[in-house]
Amino acid sequence: MTIDRARHARIVRDLVVATARARRAGWWVGAVLVSLVILGIAGHSWYAAAATAAVVVALQVLVWWVLAVRNASNGLAVGQTVSTEWAADGELVVSDVTGQYRLPRGSVMFVRRHGRNATVWGRSIQFVLPGELLTEDEVAFLEGHAAAPEPVDAPSLALPLSLEVTADVQAQLLADATRTVVRTADFLFGYAVAACFALLWLVTTWVGFLWVAGALLALHVPAMVRFARWRKAFARAFPVGWVLRAEVTPEHLALSRLHGTAVLAWDGFDRIRATDHSVLLRHRRRPFGATTTTVLPLDLFRSQDILQMAAAVGQRR
């Protein structure tokens, strides 16, 4: 399926609606409105409270829209193609411009449909597909309720590189991944804007700037909660004792996940660098897209694999 403009608009709209209907989103907006009503009563300024509430809610909807566009920009943008097919080893293969995800039976906790979207909540990954690409039989297979169809004529995938994840490897990966995220403009931008408004309040003493700075910081509370959850999810993705496997070829990087395999095309990366313990592969950023980096243990790869990755990514900048 190739994504056209109308389908892309529906995908983004359904993502925003699904986020707005989530219980945690409703509680957050309700808490903001109640707080502003209390401020309106205490400050005897209902017009200011109503205007502030409208601005805060509008900003939250704008944040949801930007996040939805970001989610749809990496595989579901206009002109991109996404498909599903069965592999010979009984895995369901989801392919897009970033590569492939090979999902075995029971690799997904559940699939939830919102409008025309299907959100796949995997045990290792989460992604959104147009709902037409997943039949009910395929959903039952991913959730572990049904068997795969008859074997098809397709090649299987073997990964020659391996490394056992120890406590030290897990800690080093989490530390490098955290440093990478907190240094990005996506993470720092909101705090920098809030600091600028706070500085304007100190210079001008106009309380409106302080209100704006406070509202911006309040909008980042859910982001900080998501960041804490991301750190826990990242650690769970590399459990101690698990054997991580990989394959490096001139065309792609294949990585084993706890529940599936990812085949990532080199076209999806624009930078590679290494720390003392990790290899950092930065994904190519798309319009409205966030900066994302794949962090892998350095000891997983041989020296020739590192050189091959550097050459493959360097040719695609």
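Read-outs throughout are calculated quantities, based only on the coordinates presented, and are distinct from any laboratory measurement. What you see is a predicted model; the values in this text were computed from it and never measured. Methodologically, a virtual Cβ is constructed for each residue, glycine included, from the backbone with ideal geometry; neighbour enumeration extends over all protein chains shown.
Points worth noting:
- In the chain, the longest principal axis of the Cα atoms and the axis of helix 207-219 are about 30 degrees apart.
- Note that the stretch 178-186 has calculated 3J(HN,Hα) couplings of 5, 4, 5, 5, 6, 9, 7, 5, 4 Hz, one per residue in order, obtained from phi through the Karplus relation 6.51 cos²θ - 1.76 cosθ + 1.60 (θ = phi - 60°); glycine and proline are x.
- Taking all Cα pairs closer than 8 Å and separated by 6 or more residues, the relative contact order of the chain comes to 17 percent.
- Helix axis angle, 5-21 relative to the chain longest principal axis, alpha carbon, degrees: 60
- Relative frequency of Cα-Cα separations exceeding 32 Å in the chain, percent: 38
- Computed from the C-beta positions of T291 and A88 and an R0 of 30 Å, the FRET efficiency is 0.25 to the nearest 0.05.
- In plain terms, the residue of Y191, Y101 with the fewest other Cβ atoms within 10 Å comes first and the most crowded comes last, giving Y191, Y101.
- Calculated FRET efficiency for the pair T249/V66, C-beta based, R₀ 35 Å, to 0.05: 0.50
- Length available on full extension from I306 to R231: 0.36 nm per residue minus the Cα-Cα distance, which gives 24.4 nm.
- Crossing angle, helix 303-314 versus the chain [Cα axis fit, 0-90 degrees, rounded to tens]: 50
- Calculated FRET efficiency, T81 to T178, Cβ-Cβ distance, R0 = 22 Å: about 0.05 to the nearest 0.05.
- Taking packing as the residue-averaged number of other Cβ atoms within 10 angstrom, the listed peptides 179-189, 56-66, 259-269, 293-303 run from highest to lowest as 259-269, 293-303, 56-66, 179-189.
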